[in-house]
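Colleague: Quick one: the structure is below, and I'll ask about it shortly.
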Amino acid sequence: MDKLINTLTNPEFVISVLAAIAVFATVMTLVGPLFSGNKFAGRLKSVSNRREQLRKQSRAALEKTQANLRGESKGFMTDVVGTLNLQKFLEDTGLQTKLMQAGLRGQAPIMTFYFLRMIMPILLFTGGLAYLFFLNDMGKPPITRLAMALGLALTGYYAPGMYLSNIAQKRRTSIMRAFPDALDLLLICVEAGMSIEAAFQKVAAEVGSNSIELAEEMSLTTAELSYLGERRQAYENLAMRTNHPGVKAVATSLIQAERYGTPLGASLRVMAKENRDMRMAQAEKKAAALPAKLTVPMIVFFLPVLFVVILGPAIIRFQNMGQ
């Protein structure tokens with residue numbers, strides 16, 4: 001046991017493990033895209049499943065039945081969440097919206113979220129106590145080590161929410177990168193005489209190579225336009241899932257065009273221009289922040305090398321003069 005503890009606390013062993021993890025992460029980063037495959041077909045399949053679900057719900061409403069059309073997630077995590085009633089004790093307001101913004105639908109992601117919110121603080125707290133009190137006390141008093149373990153538990157509690165927000169942010173970035181071009185294509189389809197449902201479906205098929213997430217959202221909007229009772233609800237759901245001002249403005253314009261009969265082409269043309277300007281402003285903002293972000297890397301990596309190149313010959317010449 002002492003040998004194992006000495007091995008785990010050995011700085012050389014820790015550095016070797018960290019180096020191995022870094023090498024593994026680098027290899028996976030380079031090789032991962034080769035095995036990722038085409039996700040577009042899978043996303044469209046999930047959208048078709050949502051279309052089928054909406055169709056069943058529409059039929060059930062017409063027949064005035066109360067059949068349960070949403071399949072329930074079954075498994076160990078669901079049993080734990082249901083037995084302990086975690087949805088009540090660990091309630092997170094707006095969780096359904098956050099999951100939809102991250103592209104996760106159904107009951108399984110909800111059960112997974114509550115299960116991780118319960119189990120991660122326990123695991124991190126237990127692991128932190130075991131490491132700080134038995135493997136490496138770090139020369140800290142017991143109250144400090146206990147506070148560090150509690151900090152790990154708190155991090156575990158908020159980690160699922162932060163991970164969910166990160167996924168939603170990446171998804172929103174991917175959508176907004178291709179959204180202005182999708183609006184231009186949508187404008188062309190509408191002015192060519194296509195209905196808004198056919199235009200959305202056409203744009204979803206064409207924009208999939210640039211943004212799978214945007215293609216998924218537009219296909220889902222097409223399904224909701226076909227099967228929801230109010231078309232306005234479909235546009236509001238699109239704005240809610242993307243959670244971006246540009247998409248919300250487009251959804252508002254589409255709702256007004258549906259309600260008041262205003263020309264849809266003119267609204268889409270204005271919205272497309274505004275979203276292009278918004279994308280350009282975002283790019284200019286990133287470009288303006290680049291010099292400040294490069295300051296630290298230049299100081300750490302470039303200046304030492306520059307000093308060696310400039311002063312190296314002078315130092316060598318000075319040493320030779322002394323000899």
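The values are calculated or read from the model by the stated rules, or taken from the named source; none is laboratory data. Predicted model only: the values in this text are computed from it and were never measured. Glycine gets a Cβ as well: all are built from the backbone with ideal geometry, and neighbour counts include every protein chain shown. Note: areas computed on protein heavy atoms with side chains; ligands, DNA, RNA excluded. Shrake-Rupley method; radii C 1.70, N 1.55, O 1.52, S 1.80 Å.
Colleague: Any chance you could check the Cα centroid distance between the stretch 210-272 and the stretch 279-316 for me, in angstrom?
Modeller: Each part reduced to its Cα centre gives a spacing of 44 Å.
Colleague: Right, something else. What translational diffusion coefficient, in µm²/s and rounded to a whole number, does the Stokes-Einstein relation yield for the stretch 128-225 at 25 °C and a viscosity of 0.890 mPa s, taking the hydrodynamic radius as the Kirkwood radius over Cα pairs?
Modeller: Numbers: Rh = 17.0 Å.
Value of D from the Cα-based Kirkwood radius: 144 µm²/s.
Colleague: Got a sec? Charge dipole of the stretch 138-274, +1 on Cβ for Lys and Arg, -1 for Asp and Glu; which of Ala198, Ser219, Leu264 is way out at the positive end?
Modeller: Projecting each Cα onto the dipole axis, the largest value belongs to Ser219.
Colleague: Based on the alpha-carbon gyration tensor of the stretch 211-323, what equivalent-ellipsoid semi-axes (square roots of 5 times the eigenvalues) come out, in whole Å, largest first? Kindly include the intermediate steps, with their values, before the conclusion.
Modeller: On the way: eigenvalues 720, 44, 16 Å².
Here the semi-axes work out to 60, 15, 9 Å.
Colleague: Taking 0.36 nm per residue of separation and subtracting the Cα-Cα distance, what length does fully extending Thr295 through Ala266 add?
Modeller: Values: separation 29, 0.36 × 29 = 10.44 nm, distance 4.54 nm.
Value of the extension gain: 5.9 nm.
Colleague: Additional query: When the Cα atoms of the stretch 198-263 are enclosed in a convex hull and the volume is divided per residue, what value in Å³ results? Write out the running numbers ahead of the final one.
Modeller: Working: hull volume 5.6 nm³, N = 66.
So the per-residue hull volume is 86 Å³.
Colleague: Counting only heavy atoms of the protein chains, get the accessible area per residue of the stretch 164-211 (1.4 Å probe) and round it to a whole Å² value. Intermediate results must be reported in sequence, preceding the final value.
Modeller: Values: 2170 Å² over 48 residues.
The answer is 45 Å² per residue.
Colleague: Quick one: pull the percent of accessible area on the stretch 149-267 belonging to carbon and sulfur, 1.4 Å probe, ligands and nucleic acids left out.
Modeller: Accessible surface attributable to carbon and sulfur in the stretch 149-267 totals 56 percent.
Colleague: Can you give the accessible area of Phe113 in Å² (nearest 10), computed on protein heavy atoms with a 1.4 Å probe?
Modeller: 10
Colleague: Further, regarding this structure: So what is the relative contact order of the stretch 175-279, in percent, for Cα pairs below 8 Å that sit 6 or more residues apart? Let's see the in-between values first.
Modeller: Working: 105 pairs, mean separation 32.3, N = 105.
Over the stretch 175-279, the number comes to 31 percent.
Colleague: Also: Karplus couplings for the stretch 239-247 from phi (6.51 cos²θ - 1.76 cosθ + 1.60, θ = phi - 60°), rounded to Hz, Gly and Pro as x?
Modeller: Once θ is set to phi - 60°, the couplings for the stretch 239-247 become 5, 5, 5, 7, 6, 9, x, x, 5 Hz.
Colleague: Another question about this same structure. Under a Cβ-only charge scheme (Lys and Arg +1, Asp and Glu -1), can you give me the dipole magnitude of the stretch 142-245 about the Cα centre, in debye to the nearest 20? Walk me through the numbers on the way to the answer.
Modeller: Numbers: 9 positive and 11 negative charges, 128 e Å.
The calculated dipole for the stretch 142-245 is roughly 620 debye.
Colleague: So, by mean Cβ neighbours within 10 angstrom, what's the order for 215-226, 140-151, 98-109, 282-293 with the highest one leading? Intermediate results must be reported in sequence, preceding the final value.
Modeller: Values: 215-226: 23.1, 140-151: 13.8, 98-109: 18.2, 282-293: 9.5.
In descending order of packing, they fall as 215-226, 98-109, 140-151, 282-293.
Colleague: What size of dipole, in debye to the nearest 20, comes out for the stretch 187-323 about its Cα centre when the only charges are +1 on Lys and Arg C-beta atoms and -1 on Asp and Glu C-beta atoms? Intermediate values should be presented prior to the final figure.
Modeller: Details: 14 positive and 13 negative charges, 137 e Å.
Computed charge dipole of the stretch 187-323: roughly 660 debye.
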